[in-house]
Amino acid sequence: MTVLDETKENTGLFERIRRRRGADTEEMRRVRERMWAGLESWVPPEAERLRAATAAEETAAVVDDFLPPDLRVASHDQLDGRMMPWLQPLVIDGEMAVCATCGAYRDWLVLSTRDEIWLRCRAGHQQHETRLDTAWYNRHAAPADATHATFEDCLRHLGH
């Protein structure tokens, strides 16, 4: 057998492989098309479960799960003001806050009302503090532990 005969024989072999691959490729394409056609109408079981759960939620009675009125805390717009104790000396912009009337420099009540900050000393003197704002108060205040109907009730609660 010559090289030319072997080449012709190999060419025939490759042609048969190419034809078979072409047939296989065509068959694979038909199988894929049938699968896609079947998948278009298929719905995953999870989707049915979710649809059923959503329908059940829509038909469930609406229940008010909010706290009862006696356990609710008033919002900031429902309060006339807030106050907190400040026992240590209050340093603002490098200066110690001092009561203009009696000279007290510690044991303050810091009051926040109408976007203003007021300082009240133990003797009951109050002064407007312009160097502090509501944002400062909110950063330093702890959560409210009580609400009071009057200013005097709040002072008694805080020990003043």
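Computed from the coordinates by the stated procedures, all read-outs in this text should not be read as laboratory data. Computed from a predicted model, the values in this text were never measured in an experiment. Here Cβ is always computed from backbone atoms with ideal geometry, including for glycine, and neighbour counts include all displayed protein chains.
By the count of neighbouring beta-carbon atoms within 10 Å, fewest first, Glu152, Glu116, Glu129 end up ordered Glu152, Glu116, Glu129. Exposure proxy ranking for Ser112, Ser41, based on other Cβ atoms within 10 angstrom of each Cβ and starting from the fewest, stands as Ser41, Ser112.
Residues Met84, Met35, ranked from the fewest to the most other C-beta atoms within 10 Å, line up as Met35, Met84.
Across the range 85-99, rounded Karplus estimates of 3J(HN,Hα) from the backbone phi angles (6.51 cos²θ - 1.76 cosθ + 1.60, θ = phi - 60°) give x, 9, 6, 7, x, 9, 9, 10, 6, x, 10, 7, 6, 10, 5 Hz, Gly and Pro being marked x. Using a basic spin-label model with each label point 7 Å from the Cα along Cα→Cβ, how many nm lie between Arg122 and His140? Going from the Arg122 label point to the His140 one covers 1.8 nm.
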